[in-house]
1. Rank by packing, highest mean first: peptides 77-83, 46-52, with packing defined as the count of other Cβ atoms within 10 Å averaged across residues.
2. Please report the accessible area of residue 8 (heavy atoms, 1.4 Å probe, ligands and nucleic acids excluded) in Å², nearest 10.
3. Would you mind getting me the FRET efficiency between residue 10 and residue 98? Use the beta-carbon distance for r and R0 = 25 Å, nearest 0.05.
4. Given H placed 1.01 Å from N in the peptide plane, which residues other than close sequence neighbours of residue 96 have an amide H under 5 Å from its amide H?
5. For region 13-76, just say rounded, prolate or oblate: build the C-alpha gyration tensor, square-root its eigenvalues into a ≥ b ≥ c, call rounded for a/c under 1.5, and beyond that prolate if a/b exceeds b/c, oblate if not.
6. Working only with C-alpha atoms, what are the Rg and Dmax values of the chain, expressed in angstrom?
7. Within 10 Å, count the other beta carbons around each residue, average over each peptide in 10-17, 29-36, and list them highest first.
8. Which whole-number percentage describes the relative contact order of region 13-99, with Cα contacts under 8 Å and a sequence gap of 6 or more?
Amino acid sequence: AEARVVHSHALTVGGEARRYFDTGVMHADNPWLLQAFGSAGGEGFRFVRSEVHYLATHGAFMRIPEALSRDVVKLAAYRLGRAYRLLPRNWCRRMSMSPGYWDRVGGDHATP
(Lines give C-alpha, C1' and ligand atoms only; values in the text may rest on other atoms or scores of the structure.)
Protein backbone atom coordinates (compact mmCIF):
# COMPACT_ATOMS: atom_id res chain seq x y z
CA ALA A 1 0.00 0.00 0.00
CA GLU A 2 3.03 2.26 -0.07
CA ALA A 3 3.74 1.90 -3.80
CA ARG A 4 4.43 5.12 -5.66
CA VAL A 5 4.32 5.76 -9.39
CA VAL A 6 6.14 8.65 -11.04
CA HIS A 7 5.16 9.41 -14.62
CA SER A 8 7.80 11.40 -16.42
CA HIS A 9 9.11 12.00 -19.92
CA ALA A 10 12.58 13.50 -20.08
CA LEU A 11 12.17 14.71 -23.66
CA THR A 12 13.99 17.49 -25.42
CA VAL A 13 11.96 20.16 -27.20
CA GLY A 14 12.49 18.21 -30.43
CA GLY A 15 11.35 15.00 -28.74
CA GLU A 16 8.20 16.69 -27.47
CA ALA A 17 7.51 18.06 -30.97
CA ARG A 18 7.85 14.57 -32.44
CA ARG A 19 5.56 13.09 -29.79
CA TYR A 20 2.86 15.70 -30.41
CA PHE A 21 3.23 15.38 -34.19
CA ASP A 22 2.55 11.64 -33.89
CA THR A 23 -0.47 12.34 -31.67
CA GLY A 24 -1.81 14.70 -34.31
CA VAL A 25 -1.34 12.04 -37.01
CA MET A 26 -3.17 9.50 -34.85
CA HIS A 27 -6.08 11.91 -34.35
CA ALA A 28 -6.18 12.69 -38.09
CA ASP A 29 -6.31 8.99 -38.93
CA ASN A 30 -8.79 8.13 -36.16
CA PRO A 31 -11.34 10.96 -35.98
CA TRP A 32 -13.68 8.70 -34.01
CA LEU A 33 -11.39 9.19 -30.98
CA LEU A 34 -12.12 12.91 -30.84
CA GLN A 35 -15.78 12.28 -31.60
CA ALA A 36 -16.09 9.71 -28.81
CA PHE A 37 -13.91 11.37 -26.18
CA GLY A 38 -13.79 15.02 -27.22
CA SER A 39 -10.92 17.36 -27.89
CA ALA A 40 -8.28 18.16 -25.30
CA GLY A 41 -8.13 21.83 -26.32
CA GLY A 42 -9.72 23.19 -23.16
CA GLU A 43 -7.63 20.87 -21.02
CA GLY A 44 -4.50 22.07 -22.81
CA PHE A 45 -5.26 25.67 -21.96
CA ARG A 46 -5.91 24.74 -18.32
CA PHE A 47 -2.56 22.90 -18.26
CA VAL A 48 -0.67 25.94 -19.57
CA ARG A 49 -2.38 28.16 -17.02
CA SER A 50 -1.59 25.78 -14.15
CA GLU A 51 1.99 25.35 -15.35
CA VAL A 52 2.59 29.12 -15.36
CA HIS A 53 0.88 29.44 -11.97
CA TYR A 54 3.05 26.68 -10.51
CA LEU A 55 6.27 28.23 -11.81
CA ALA A 56 5.27 31.69 -10.60
CA THR A 57 4.30 30.53 -7.11
CA HIS A 58 7.46 28.46 -6.72
CA GLY A 59 9.84 31.29 -7.63
CA ALA A 60 10.75 29.90 -11.05
CA PHE A 61 9.81 33.03 -13.03
CA MET A 62 12.79 32.60 -15.33
CA ARG A 63 11.44 29.21 -16.49
CA ILE A 64 8.08 30.61 -17.66
CA PRO A 65 9.34 31.68 -21.15
CA GLU A 66 10.86 28.23 -21.69
CA ALA A 67 7.64 26.52 -20.60
CA LEU A 68 5.51 28.71 -22.86
CA SER A 69 7.90 28.14 -25.77
CA ARG A 70 7.61 24.38 -25.30
CA ASP A 71 3.83 24.64 -25.20
CA VAL A 72 3.79 26.61 -28.47
CA VAL A 73 6.07 24.01 -30.10
CA LYS A 74 3.82 21.17 -28.91
CA LEU A 75 0.68 22.86 -30.25
CA ALA A 76 2.32 23.62 -33.61
CA ALA A 77 3.61 20.04 -33.92
CA TYR A 78 0.19 18.61 -33.06
CA ARG A 79 -1.48 20.77 -35.69
CA LEU A 80 1.13 19.77 -38.27
CA GLY A 81 0.39 16.14 -37.42
CA ARG A 82 -3.32 16.71 -37.89
CA ALA A 83 -2.53 18.12 -41.37
CA TYR A 84 0.12 15.53 -42.26
CA ARG A 85 -1.60 14.66 -45.55
CA LEU A 86 -0.57 18.08 -46.87
CA LEU A 87 3.09 17.50 -46.02
CA PRO A 88 5.75 15.68 -48.01
CA ARG A 89 6.39 12.19 -46.69
CA ASN A 90 10.05 12.99 -45.95
CA TRP A 91 8.91 15.84 -43.65
CA CYS A 92 6.59 13.43 -41.86
CA ARG A 93 9.43 10.95 -41.48
CA ARG A 94 11.65 13.64 -39.92
CA MET A 95 8.91 14.98 -37.65
CA SER A 96 7.90 11.57 -36.27
CA MET A 97 9.21 9.64 -33.27
CA SER A 98 8.79 6.56 -35.50
CA PRO A 99 10.27 7.44 -38.90
CA GLY A 100 10.00 3.81 -40.06
CA TYR A 101 6.22 4.09 -39.82
CA TRP A 102 6.23 6.34 -42.88
CA ASP A 103 7.94 3.64 -44.95
CA ARG A 104 5.07 1.23 -44.17
CA VAL A 105 1.96 3.39 -44.54
CA GLY A 106 0.02 4.04 -47.69
CA GLY A 107 0.19 7.44 -49.30
CA ASP A 108 -2.83 9.68 -49.15
CA HIS A 109 -0.66 12.70 -48.47
CA ALA A 110 1.75 14.86 -50.44
CA THR A 111 4.58 13.11 -52.29
CA PRO A 112 8.17 13.56 -51.10
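The values are calculated or read from the model by the stated rules, or taken from the named source; none is laboratory data. Computed from a prediction, not measured in an experiment: that's the story for all the values here. Glycine also receives a Cβ, built like all others from the backbone with ideal geometry; neighbour counts cover every protein chain displayed. The accessibility values were calculated without ligands, DNA or RNA, using every heavy atom of the protein model including side chains. Shrake-Rupley method; radii C 1.70, N 1.55, O 1.52, S 1.80 Å.
1. Values: 77-83: 18.7, 46-52: 13.1.
The peptides rank, most packed first, as 77-83, 46-52.
2. Residue 8 exposes around 90 Å² with every protein chain in place.
3. Working: r = 19 Å, r/R0 = 0.74.
In this case the efficiency is close to 0.85.
4. When sequence neighbours closer than 5 places are left aside, there are no close amide H contacts.
5. On the way: a/c = 4.39, a/b = 1.83, b/c = 2.40.
Since a/c reaches 1.5 but b/c is at least a/b, the shape of region 13-76 is classed as oblate.
6. 16.6, 54
7. Numbers: 10-17: 12.8, 29-36: 10.8.
Order by mean packing, descending: 10-17, 29-36.
8. On the way: 67 pairs, mean separation 50.5, N = 87.
Averaging sequence separation for qualifying contacts and normalising by length gives 58 percent for region 13-99.
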